[in-house]
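The next block holds one structure in the form of structure tokens; read it before the comments.
Just so it is clear, none of the values below were taken in a lab; they were calculated from the coordinates. These numbers were taken from a predicted model, which means no experiment stands behind them. Neighbour counts run over all protein chains shown; Cβ positions are idealised from the backbone, glycine included.
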Number of protein chains: 2
Amino acid sequence: MVPFGRPRAERVDAARNRLQLLQVAREMIAEHGVEKVTMDGLAERAGLGKGTVFRRFGTRAGIFHALLDEDDRAFQQTVMGGPPPLGPGADPVQRLIAYGRARIAFLLDHHAIVRAGLDRNQPVPAGEHNLSRLHIRMLLGQAHHQGHLDIADLDSLAVQLTAALEGPILLYLSMAPSVPADPTPASIPLADSWQTIVERLCRTPSPER
Amino acid sequence: MVPFGRPRAERVDAARNRLQLLQVAREMIAEHGVEKVTMDGLAERAGLGKGTVFRRFGTRAGIFHALLDEDDRAFQQTVMGGPPPLGPGADPVQRLIAYGRARIAFLLDHHAIVRAGLDRNQPVPAGEHNLSRLHIRMLLGQAHHQGHLDIADLDSLAVQLTAALEGPILLYLSMAPSVPADPTPASIPLADSWQTIVERLCRTPSPER
DNA sequence: AGCATAAGCGGACTTTACCCCGCTTTATAT
DNA sequence: ATATAAAGCGGGGTAAAGTCCGCTTATGCT
């Protein structure tokens with residue numbers, strides 16, 4: 001009588017609508033940019049009611065959050081299962097450096113959506129299970145275990161490194177509507193100084209720089 | 001005919017209203033918290049029109065920005081002219097560490113206002129003339145000049161250190177409406193790992209830790 | 001197949017940030 | 001002292017986020 005464990009799978013109409021809304025949202029972003037995506041407009045264009053949109057995503061930021069999640073999954077795949085140094089197998093310090101470079105590129109690629117996903121009520125899409133923070137924390141733990149690092153409070157360090165990595169893009173980078181062409185040039189100084197920070201923090205065994 | 005240089009000083013009625021609005025805003029924050037400060041409510045309680053509020057502050061975030069500026073001035077004073085190691089006179093690396101500790105405490109003290117001042121349109125109160133970034137940049141320059149630091153791109157490094165310092169509070173720290181009592185305990189791990197980062201980045205001459 | 005129930009749905013309603021523009025007040029030049 | 005132009009002021013108007021609640025539909029059980 002009470003199907004306890006599972007909260008009853010998502011209804012098929014709900015799933016269809018969710019996908020539909022995400023799809024329409026991407027179209028609207030491609031056509032007019034994130035600023036022009038309104039809840040009313042999205043609902044109307046998808047042929048649904050506004051209540052439905054809010055039920056699925058809770059808040060405007062939630063839409064962009066869901067959008068980012070889709071793309072993030074591919075990124076996580078290469079981090080968790082791809083080839084070294086990004087994927088497993090390489091030295092943890094090398095992986096940290098590679099992760100930072102890849103993450104900066106990813107965030108710049110998606111920066112419009114990332115920023116639209118910020119919500120001034122509620123901390124950040126990232127409070128507890130921020131994947132960057134978790135991954136950085138894990139690599140710090142491994143580095144520590146292998147003797148590259150002798151620091152006590154790895155948790156706080158991970159928080160601050162995550163902020164150092166993502167903060168510039170989330171907070172400071174001009175969100176000028178110009179998403180001109182090549183995000184790479186902007187990313188290089190950030191990536192280089194990320195590498196510097198990591199190398200100095202962890203006495204890297206092979207300072208090949 | 002055209003008083004070129006100066007853009008004609010602020011009118012006295014405007015100045016009076018500005019102070020009045022700031023004062024009333026503080027009262028409303030003290031009574032019901034930042035969330036309850038609405039533009040209409042503020043205008044009405046100050047006995048002014050809504051248009052006036054927007055003219056003075058441009059946006060809701062602008063109010064909190066102005067409020068923070070007032071308190072920030074005192075903080076800057078102690079940084080620019082107070083006793084070492086926060087003020088001038090101490091070793092730049094020691095000053096960096098002291099600055100981080102002081103800044104974390106300041107931000108936690110004001111975190112409700114700080115967060116209310118964030119605006120999802122427009123980068124951050126901080127894009128170009130973020131005082132933290134500027135101060136950090138200056139101290140890095142001094143450290144470099146004194147040979148504590150041999151890094152090329154001090155500008156990017158300053159951006160990332162600023163994010164490491166302020167990001168956790170701006171982004172990740174739970175903005176739970178509970179601003180319970182003593183923000184200090186939360187600040188200590190952050191401050192300690194800030195010190196760690198700075199010390200490792202700059203070959204501190206006297207690692208007294 | 002039929003039924004009970006939880007989930008989904010829609011759109012009117014409320015709240016709030018922000019815009020606009022005609023009127024008033026202040027500061028300056030003569 | 002008076003004229004004039006710029007700045008300030010007010011409050012009604014718009015748009016968009018988010019809430020509510022009665023109606024509809026899928027789902028799982030028998």
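Structure values in brief
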quantity: The stretch B:42-148 - percent relative contact order, Cα under 8 Å, separation 6 or more; calculated: 26 percent
quantity: Distant-in-sequence amide H partners of A:A90 (H built 1.01 Å from N, under 5 Å); calculated: none
quantity: Calculated FRET value between B:E70 and A:A90, using beta carbons and R₀ = 41 Å, to 0.05; calculated: 0.25
quantity: Contour minus Cα-Cα distance for B:T52 and B:D150 (0.36 nm per residue); calculated: 30.1 nm
quantity: Kirkwood Rh and Cα Rg combined as Rg/Rh, the stretch B:77-119; calculated: 1.11
quantity: Reach of B:K50 by Cα under 29 Å, taken over lysines that are not fewer than 8 positions away in the same chain; calculated: A:K36, B:K36
quantity: Alpha-carbon centroids, the stretch B:40-93 and the stretch A:84-113: separation in whole Å; calculated: 37 Å
quantity: Inter-copy separations for B:M39, label at 7 Å along Cα-Cβ, nm, ascending; calculated: 1.9
quantity: Across the identical copies, how the A:A152 labels are spaced - nm, sorted shortest first, 7 Å along Cα→Cβ; calculated: 3.7
quantity: Per-residue mean of C-beta atoms belonging to partner chains within 10 Å, peptide B:150-156; calculated: 4
quantity: Segments A:73-80, A:50-57, A:107-114, A:156-163 sorted - mean Cβ within 10 Å per residue, highest first; calculated: A:156-163, A:107-114, A:50-57, A:73-80
